[in-house]
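Below you'll find the structure, written out as structure tokens, and then a few comments.
The values are calculated or read from the model by the stated rules, or taken from the named source; none is laboratory data. These numbers come from a predicted model, not from an experiment. FYI the Cβ positions are ideal-geometry reconstructions off the backbone, even for glycines, and counts take in every protein chain you see.
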Amino acid sequence: MVDLPADFRAFHQLKRAPYVHWAELYLGNRADAEDAVDEAFEQLYFGWHRVLTHENPNAYAWRVVKNRTIDHARARGRRPVVTDYAAFESIALSDTEDAIGILEENLAVYEAVRELPERQHDAFVLRYVLGYSVREIADLLGISEAGVYSTTRYARHRLRKSLDLGQEEETR
């Protein structure tokens, strides 16, 4: 068995669970998410000395995980399943008479989120869909906490504009 460097083991221990959580949202099941993230960690391990020389290793690792997740979906002939979950949750969680109306609204929101610029999309999904704290997101994406606040603020502004929701007072 390979003796992994202590810093890589620590990185793996800290990052694997949130990476799998994110990948599961996009791939639709835990096993595929774990496979994609494990492939990403394998890539990171074999280039670990290069990862550590990057200006921002967390941002680099995030990019590797995202790319492996996308590759995993493509290899299985799938598109990301976030909108599928939106449809299911809209109907399953709705006690109203207008389930189709709620479904249409939720799909519009998910489509608008999907159209966000990449960093805004990632920060928004991590914060408002997966429920990570600003500190956790900053660590995962390799940006400052102020950067997370700013990025999610711009994402929310763009979503309000895209969904024609008018302006509301901004909160953190």
Report task. For Ala138, indicate whether it is modelled with pLDDT of 95 or more and surrounded by 16 or more Cβ atoms within 10 Å (Cβ to Cβ). Result -> yes
Report summary line: For the range 42-64, the count of residues that are in contact (Cβ under 8 Å) with a residue 60 or more places away in the chain and of a type in the set (Phe, Trp, Tyr) equals 2
**Report entry** Selection from the range 22-65 of residues that are surrounded by 14 or more Cβ atoms within 10 Å (Cβ to Cβ), farther than 21 Å from Arg127 by Cα and among the aromatic types (Phe, Trp, Tyr)
**Finding:** Phe41, Tyr45, Trp48
Query raised in the report: How many residues does the range 1-41 hold that are farther than 15 Å from Val65 by Cα and touching a Leu at 6+ places or on another chain (Cβ under 7 Å)?
Result: 0
**Report entry** Selection status of Gln13, more than 23 Å from His121 (Cβ to Cβ) and either not assigned by TED's automatic domain parsing to the domain that holds Ser144 or not small (Gly, Ala, Ser) (or both)
**Finding:** yes
